Amino acid sequence: MRTLLRILMTIVGLIVLAGVGIGAGTVWGLYHFGRDLPDYRQLADYQPAVMTRVHAGDGRLLAEFAQEKRAFVPIEAMPKRINDAFLSAEDKSFYSHPGIDFTGIVRAIVVNAQNLGRNRRPVGASTITQQVAKNFLLTNEVSVARKIKEAILAVRIERAFTKDRILELYLNEIYLGFGSYGVAAAALNYFNKSMDELSIAEAAFLAALPKAPNNYNPRTKLDAAKSRRNWVIGRMLDDGRISAEAARDAIESPLLTASRSETEFVQADYFTEEVRRQLVEKFGEAQLYKGGLSVRATLDPRMQIAARDALRDGLETYDRRHGYRGPVAKASAGQRFDTPLDWRTYLALVPKPKGIGPQWLAVVLGIDDDAGFASVGIEDGSRGQIPLSELKWARQPLGEMKLGPSVKKPSDVLAVGNVVIVDPVPVRAAKPGEAPATGSGLQFRLKQIPAVEGAIVAIDPHTGRVLAMSGGYAYEKSQFNRATQAARQPGSAFKPFVYLAALDAGYTPSTRILDAPFVIDQGPGLPKWRPANYTNKFYGASTMRLGVEKSRNLMTVRLAQTIGMERVSDYARRFGINDNLPETLSMALGAGETTLMRLTTAYAMLVNGGKRITPSLIDRIQDRLGRTVYRHDARPCPECRADAWHGQWVPLIPDGREQVTDPGSAFQIVNILRGVVERGTGVRVRAVGKPLAGKTGTSNEERDTWFIGFSPDLAVGVFVGFDEPVPLGDHETGSSVAAPIFRDFMKDVLENQPAIPFRTPPGIRLVRVEAGTGRPARPGDKDVILEAFKPGTMPTADGDVIEGQTWSAGSGETDQRGAPATGTGGLY
């Protein structure tokens, strides 16, 4: 008996010692593995990386910015079918265990022991909470230490968060293959469906993926994918989450995936990149690519298409005037093109020029000079012809903007084996008595990618919203945005602001300025400065209106000298054209560099009555929770609430825009600029047939050409020039190069709009005057226009002539009648 008692006491002692050892080991293990664990409480503030979306002004998608294309779905919005499938597949006791499933661990040990030597994948026992701990806080290291840390963190997470929060984190974070982070993205990528559209079988398939998405790729491993899906369906049945009938139907259904529908984007690459830059500047790259911002941009897609097309067509038109630079490539002499497969195969190996866009590559198959066409094989396998009429422009450039002889036959331009760019043209039916088109197949135009570049921008003059912007011929050719990044000389496009400064100083549109030779001694060792008109002629005393309409340099210099360049420089700064314009007379002729965006914004401030605006590409930005974090229109309007609208009067919103010039002076310039379109250097624009105003600009040696203009509610600027400034050629001015682009754009966007007149501010009187002299019209005068005058400034006689003397409006002092005061003026 004593022996038995001793044995029992020994066993009890050993058990106690083992328990103490295990307890001590457990305490030591928890301390050792738990002391350096990440802070699980950071999950309380966890926000998954969500893409930022940018929408155009009409709500259509403009761009997406993301490192992981993920859509975060709150657990409340998660379909029950999705929750059930993942719980059955991954953790059926999720809502009852404390973070670790001890029963599952024992079951996994038993199953894995039974499977030893059977070449089967080991069964795991990680709970959803453990997977959250691993995915968010740990690495994918395969080790016992990581599993212990995972278990410790799982218990801590369970104590800190609700089960729903843990499941929400899991379903939105887990990677499911096909670039899908989260269940919402997987539903789209695998089935092109939203989550609430998924069937039981489809939900079960997604729940089968977390362990090894690549092993169950339905496109390459269909049998394995279907088997795993059916296993999940069986688990859902065993757990009582679906009925036997539903399980049978789901198992019998085929596993059919669907490619995700291509997202339709509004094409505006230069605009989109500028928005991206601004978002990075405001919020940083992390917030842009992970923050889930919702951005409403100002872009008008219809205007954007019109701007892009007008710019491309205008650049191509200029480029054709200066000859054909040759084929893209030349096939070797022994290359044969007997079948469509021959030329398709060859053309597929020819690198496409950047900026080719929707145009095609073609190879010249044959030339018939007698019939007047070249046969071409197109990259899609079709065959066509380029008629001589589409080759006439392709004269050989000889350098210094000179061209070779006229094209008389196709062989003057092309040779068999030439790889060229073409664009299809519809075959016109022959007119009565006209010979039909020769050759067979489609007809094509010969094209080339322009070497010249340009930009166009359209702005709402009342708000500053940028409605359209294209910064070059093609974004894939060059990402440099010539609307916002290219600082170039505006030439005569700057002159209206010299005349505006004079109008604010008391002069009138009928004030006469001497148009005669002008010479300034620049100092010892420097040549004399002799500005000249573009025509190299002198016209005597002429009105300010004529000085703008005909873009007279000598009149502008005399006026700038008279009012003082310090005043001109102030107006350049005030209108945002140039923040620090040198006070030298050449600057009055547009020698100071600026960007197209800044100059167009300045013109917008003329037509809006002299109110300051700031160009904006973004209307509003909301964070991932829908809170507005930025709004361009910062005017307060507490009564602007849609839910409180019951048919009452529209709320009056205060206009806080700064007045940068007198509204009367602004209208006088607008009225003068209308004359530029009606009678002056911008007469090409008159073809639009709507009230328009604007000004051409051409820098020295025709290196930069501009046209900036507006309707009452739309300001548009166009710039054309080479990126490395070189002359565009003789007589290639703002009138011939940039104005046609403005004209074509305006004709498109204003086609179905009413003809709105320019708004006349209070106090302005429209007086009939003789256009050439500015004097009040008399009976029998033929060239009569309506001129805008401020009260008390209507002309009664010829008046004085500004001759460039040392008298000016000085610091802006005027007598009580508003007449210009005299003073020293100044050159610098």
Problem - Evaluation of residue 209 against (1) part of a helix (DSSP H, G or I); (2) under 24 Å from residue 72 (Cα atoms); (3) among the hydrophobic types (A, V, I, L, M, F, W, C) (one fails), failing number - result: (1)
Practice task
Consider residue 81 carefully, then state whether it is of a type in the set (D, E, K, R), modelled with pLDDT of 90 or more and under 20 Å from residue 188 (Cβ atoms).
Solution key: yes
Completion exercise
The condition from (1) part of a helix (DSSP H, G or I); (2) out of contact with any helix residue (DSSP H, G or I) (no Cβ under 6 Å at 6 or more places or on another chain); (3) closer than 30 Å to residue 777 by Cβ that residue 566 misses is numbered (3)
Completion exercise
Conditions (1) more than 30 Å from residue 616 (Cβ to Cβ); (2) at pLDDT 95 or above; (3) part of a loop (DSSP other than H, G, I, E, B) -> residue 259 fails only (2)
Handout entry: Checking residue 310 against (1) surrounded by fewer than 22 Cβ atoms within 10 Å (Cβ to Cβ); (2) farther than 29 Å from residue 73 by Cβ; (3) in contact with a helix residue (DSSP H, G or I) (Cβ under 7 Å, 6 or more places away or on another chain), the condition it does not meet
Key = (1)
Problem - Unique match (being acidic (Asp, Glu), open to solvent by 20 Å² or more (accessible area, probe 1.4 Å) and either under 19 Å from residue 48 (Cβ atoms) or at pLDDT 70 or above (or both)) among 150, 141, 76 - result: 76
Practice task
Taking residue 243 as the residue in question, decide whether it is of a type in the set (Ser, Thr, Tyr) and either touching a residue at least 40 places away in the same chain (Cβ under 8 Å) or open to solvent by less than 40 Å² (accessible area, probe 1.4 Å) (or both).
Solution key: no
Practice task
Identify all residues within region 527-565 that are closer than 24 Å to residue 666 by Cβ and of a type in the set (S, T, N, Q); write none if there are none.
Solution key: 542, 543, 551, 553, 556, 561, 562
Fill in the blank from the handout: Selection over region 313-336 where residues are among the charged types (D, E, K, R), within 26 Å of residue 743 (Cα to Cα) and either touching a strand residue (DSSP E or B) at 6+ places or on another chain (Cβ under 9 Å) or open to solvent by 40 Å² or more (accessible area, probe 1.4 Å) (or both) yields a count of 4
Exercise for the section: For region 60-73, indicate whether the set of residues that are within 30 Å of residue 276 (Cβ to Cβ), assigned to a loop (DSSP other than H, G, I, E, B) and modelled with pLDDT of 90 or more is non-empty. Expected result: yes
Fill in the blank from the handout: Just one listed residue, out of 336, 308, 325, 312, is closer than 22 Å to residue 472 by Cα, charged (D, E, K, R) and assigned to a loop (DSSP other than H, G, I, E, B), and it is 325
Exercise for the section: Would you mind telling me which numbered condition in (1) surrounded by fewer than 24 Cβ atoms within 10 Å (Cβ to Cβ); (2) out of contact with any Lys or Arg (no Cβ under 6 Å at 6 or more places or on another chain) residue 596 fails? Expected result: (1)
Completion exercise
Given the conditions (1) polar (S, T, N, Q); (2) without any contact (Cβ under 8 Å) to a residue 12 or more places away in the chain; (3) surrounded by 17 or more Cβ atoms within 10 Å (Cβ to Cβ), every one holds for residue 773 apart from (2)
Exercise for the section: For residues that are over 15 Å from residue 73 (Cα atoms) and assigned to a helix (DSSP H, G or I), scanning just region 181-196, find the one that is most open to solvent (accessible area, probe 1.4 Å). Expected result: 189
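This table checks each residue for (1) within 30 Å of residue 485 (Cα to Cα); (2) at pLDDT 95 or above; (3) under 28 Å from the mean Cα position of the chain (by Cα).
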position: 538; (1), (2), (3): no, no, no
position: 560; (1), (2), (3): yes, yes, no
position: 566; (1), (2), (3): yes, yes, no
position: 576; (1), (2), (3): yes, yes, yes
position: 584; (1), (2), (3): yes, no, no
position: 589; (1), (2), (3): yes, yes, no
position: 602; (1), (2), (3): yes, yes, yes
Exercise for the section: Please tell me if residue 225 is within 47 Å of the chain's Cα centre (by Cα) and not hydroxyl-bearing (Ser, Thr, Tyr). Expected result: yes
Exercise for the section: Take residue 506 and decide whether it is touching a residue at least 24 places away in the same chain (Cβ under 8 Å), more than 35 Å from the chain's Cα centre (by Cα), open to solvent by less than 40 Å² (accessible area, probe 1.4 Å) and closer than 30 Å to residue 611 by Cα. Expected result: yes
Problem - The listed residue being over 30 Å from residue 327 (Cβ atoms) and more than 22 Å from the chain's Cα centre (by Cα), out of 543, 463 - result: 543
Problem - Given (1) on the phi < 0 side of the Ramachandran plot; (2) assigned to a loop (DSSP other than H, G, I, E, B); (3) open to solvent by 20 Å² or more (accessible area, probe 1.4 Å); (4) out of contact with any Gly (no Cβ under 8 Å at 6 or more places or on another chain), index of the condition residue 678 fails - result: (2)
Practice task
May I ask you to say which residue of 688, 720 is among the β-branched types (Val, Ile, Thr), out of contact with any Gly (no Cβ under 7 Å at 6 or more places or on another chain), modelled with pLDDT of 95 or more and open to solvent by less than 30 Å² (accessible area, probe 1.4 Å)?
Solution key: 688
Practice task
Being within 21 Å of residue 393 (Cα to Cα) and of a type in the set (Gly, Ala, Ser) is the filter; apply it to region 281-332 and report the residue that is nearest to the chain's Cα centre (by Cα).
Solution key: 310
Exercise for the section: Only residues that are of a type in the set (Lys, Arg) and either surrounded by fewer than 17 Cβ atoms within 10 Å (Cβ to Cβ) or modelled with pLDDT of 95 or more (or both): list them for region 276-300, please. Expected result: 276, 277, 282, 296
Problem - residue 675 vs. criteria modelled with pLDDT of 95 or more and more than 28 Å from residue 472 (Cβ to Cβ) - result: yes
Fill in the blank from the handout: Of the residues in region 614-662 that are of a type in the set (Lys, Arg), part of a loop (DSSP other than H, G, I, E, B) and within 29 Å of residue 268 (Cβ to Cβ), the one that is most open to solvent (accessible area, probe 1.4 Å) is 627
Problem - Pairs where the first residue, in region 355-368, is farther than 14 Å from residue 327 by Cα and part of a loop (DSSP other than H, G, I, E, B) and the second is open to solvent by less than 40 Å² (accessible area, probe 1.4 Å) and among the aromatic types (Phe, Trp, Tyr), C-beta under 8 Å, 6+ apart - result: 355/473
Fill in the blank from the handout: Per the filter on region 206-236, residues under 14 Å from residue 84 (Cβ atoms) and either in contact (Cβ under 8 Å) with a residue 40 or more places away in the chain or surrounded by fewer than 18 Cβ atoms within 10 Å (Cβ to Cβ) (or both) are 206, 207, 208, 232, 234, 235, 236
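The values are calculated or read from the model by the stated rules, or taken from the named source; none is laboratory data. Remember, predicted model here, so these are calculated numbers, not experimental data. Here Cβ is always computed from backbone atoms with ideal geometry, including for glycine, and neighbour counts include all displayed protein chains. Accessible surface is based on the protein model in full, side chains and every heavy atom, while ligands, DNA and RNA are left aside. Shrake-Rupley method; radii C 1.70, N 1.55, O 1.52, S 1.80 Å.
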